[in-house]
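What follows is a short report on a single structure.
The values are calculated or read from the model by the stated rules, or taken from the named source; none is laboratory data. On a predicted model such as this, the values are computed, not experimentally measured, just so you know. Positions of Cβ are backbone-derived with ideal geometry, glycine not excepted, and every protein chain shown enters the neighbour counts.
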Amino acid sequence: MAICKLGLNTKVQAASVNVTVSDLHPLIKLGQTIPWEKISEIVIPDLEKTTKGMFFVGRKLKLRVHLAVYILQKIYDKTDRQIEWEIKDNGSYQLFCGAGILRKFSVPDHTNISKFRSRLSPETQRSLANHIVVMATKLGFADAIAMDIDSTIQEANMSYPSDVSIMKKMVIKAARIWQCLKEGISDFGDFETEVEVGKIKGLAKHYHLRAKTVSEKSKAISKLYRAYYWEIMGVIHHFTFLGSLKFELPHWIQRDIDHVVENFEKFSRDVASYICYGKREKGKIFSLHLKEVDCFNKGRLGKPLQYGRNFQLGRISGNFMIAGKSDTVRMEDRANLKTMVEEHRKLFGEGTMKSFSTDRGYFSKENFDYLTRTMMFSFNLPKPGRRKKPVTMEHWKKMNMLQDRQKGIEALIGQIKQGGQLGRSRMKSDMSTLAAGYGAVLGFNLRQLIRHQLGKKIKPMFKRSTTMECPVY
């Protein structure tokens, strides 16, 4: 094999490069399929909501470009800076975003990308995710005749919520606030009170490293709690009477003041209750910066406890996912079966669904009666406990088929988590965390649409020619 050494000693120089993008490129096909006017109607009401109500004043926002950037960001799960750099370097991305269509095309800055995404409410992003599913059914890539539902946990962007770590964080924040007040406001300069962070860190280290038995840990956390309580009590009453002076402080200090003042009383009461009675109080604080977080235990190997929020998802034939509306953090399975069925009816019309399947967590007598009244050909609502064999072998085969089909949704949920922020959010607020979960579903549906456009066949979940009676459990 001959070796060519040309160009090894030559420096790289800037130049113009012509790139040809084929009509068969997946993004070109996707850009031709997406109804841009329709999705713009979904997002415009959010964009018109401004603090002063004068959205028509100022520089014009190029909606076509920002929508395309948002879609690319969800398909490939990129950060704001990453998607900005990749659009500048990728010709197919630029064509998808409107280069050649708009007279003055420019790639938005990452700050503007973030601002646009933040203006879209979680419900709007959920509507976009479900609209892609409706569009896929009209194109013939999906069929709403069958649906399987399941739930999954989106883990919040937070550290493990141990009481010791939260107490230590709160003392560190209080010390930082107190130091800023003494240095920035003259009225606090004469106070000799100090917040001893080193003392709290030492007690926390003693709890983690030296306390081995249950009694030693109980004594260590009690001692830490008393020290934490009096350290913050010495200064927190000054935070609550700052008034307008608070807004003259740096924004990160204002944020710390809100975290300490809002959470100190409730968190201290919860920790004291746990130390005294060994029982976790309802509505316990798990994070200082997130409110909509709860603890879930699904009994899975390697994941005994998960901290975040629950999402309800539905799969239709063609492997597209419907995102249910997340009204609460826990979104209990039994209470949301009707919600998912109604969401399907809202999207595809009354009487469209002919087959429906869930797992054992959704069973209740009320849900069973509700599904019986819907006049579907078949549904699977297994009852917890030992399964009773049906009367006929035909029913037995139908039940097994529906249960096996329902298990297929687990693999798709794994793909959503892998390709988006449904597994673990990168966001730092409750609203953006919820929106990121819906955005992950949107990205998955767009990737599925691209697969179908490339001609990849997916086995249908339910054949329309089949007539099936409702299995009885």
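Residues in segment 47-81 that are within 23 Å of residue 437 (Cα to Cα) and either of a type outside the set (A, V, I, L, M) or assigned to a loop (DSSP other than H, G, I, E, B) (or both): 49, 66, 70, 73, 74, 76, 77, 78, 79, 80, 81.
Would a scan of segment 351-360 turn up a residue that is exposed (fewer than 15 other Cβ atoms within 10 Å of the Cβ) and touching a Pro at 6+ places or on another chain (Cβ under 8 Å)?
Step one: of segment 351-360, the residues exposed (fewer than 15 other Cβ atoms within 10 Å of the Cβ) are 351, 360.
From the residues that got through so far, the ones that are touching a Pro at 6+ places or on another chain (Cβ under 8 Å) too are 360.
Yes, segment 351-360 has at least one match.
Residues are listed down the side, and each one gets a yes or a no for (1) surrounded by fewer than 10 Cβ atoms within 10 Å (Cβ to Cβ); (2) more than 28 Å from residue 139 (Cα to Cα); (3) aromatic (Phe, Trp, Tyr); (4) touching a Cys at 6+ places or on another chain (Cβ under 8 Å):
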position	(1), (2), (3), (4)
5	yes, yes, no, no
8	yes, yes, no, no
13	yes, yes, no, no
17	yes, yes, no, no
21	no, no, no, no
25	no, no, no, no
31	no, no, no, no
37	yes, no, no, no
40	no, no, no, no
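Is it the case that segment 143-150 has a residue that's within 26 Å of residue 310 (Cα to Cα), of a type outside the set (Lys, Arg) and in a helix (DSSP H, G or I)? Scanning segment 143-150 turns up no residue that is within 26 Å of residue 310 (Cα to Cα), of a type outside the set (Lys, Arg) and in a helix (DSSP H, G or I). Looking at segment 318-350 only, could you name the residues that are outside any loop (DSSP other than H, G, I, E, B), of a type in the set (Gly, Ala, Ser) and more than 17 Å from residue 137 (Cα to Cα)? Across segment 318-350, the qualifying residue is only 335. Checked against (1) of a type outside the set (D, E, K, R); (2) crowded, with 20+ Cβ neighbours inside 10 Å; (3) modelled with pLDDT of 95 or more, residue 131 meets all criteria but (2). If you go through segment 124-158 and keep only what is under 17 Å from residue 358 (Cα atoms) and charged (D, E, K, R), you end up with 148, 150. Residues considered: 463, 428. Of these, the only one that is among the charged types (D, E, K, R), modelled with pLDDT under 95, surrounded by fewer than 18 Cβ atoms within 10 Å (Cβ to Cβ) and over 25 Å from the mean Cα position of the chain (by Cα) is 463. Of all positions in segment 375-387, none carries a residue that is surrounded by 18 or more Cβ atoms within 10 Å (Cβ to Cβ), more than 30 Å from residue 32 (Cβ to Cβ) and modelled with pLDDT of 95 or more.
Only one of 287, 222, 244, 273 is touching a residue at least 40 places away in the same chain (Cβ under 8 Å), in the same structural domain as residue 167 (by TED's automatic domain parsing) and not aliphatic (A, V, I, L, M). Can you tell me which? Please lay out each step first, then the result.
On the way: 287 fails: in the same structural domain as residue 167 (by TED's automatic domain parsing); 244 fails: touching a residue at least 40 places away in the same chain (Cβ under 8 Å); 273 fails: touching a residue at least 40 places away in the same chain (Cβ under 8 Å).
Only one candidate qualifies: 222.
Take the conditions in contact with a Lys or Arg (Cβ under 6 Å, 6 or more places away or on another chain) and not small (Gly, Ala, Ser) and apply them to residue 194. Does it pass? Criteria not met by residue 194.
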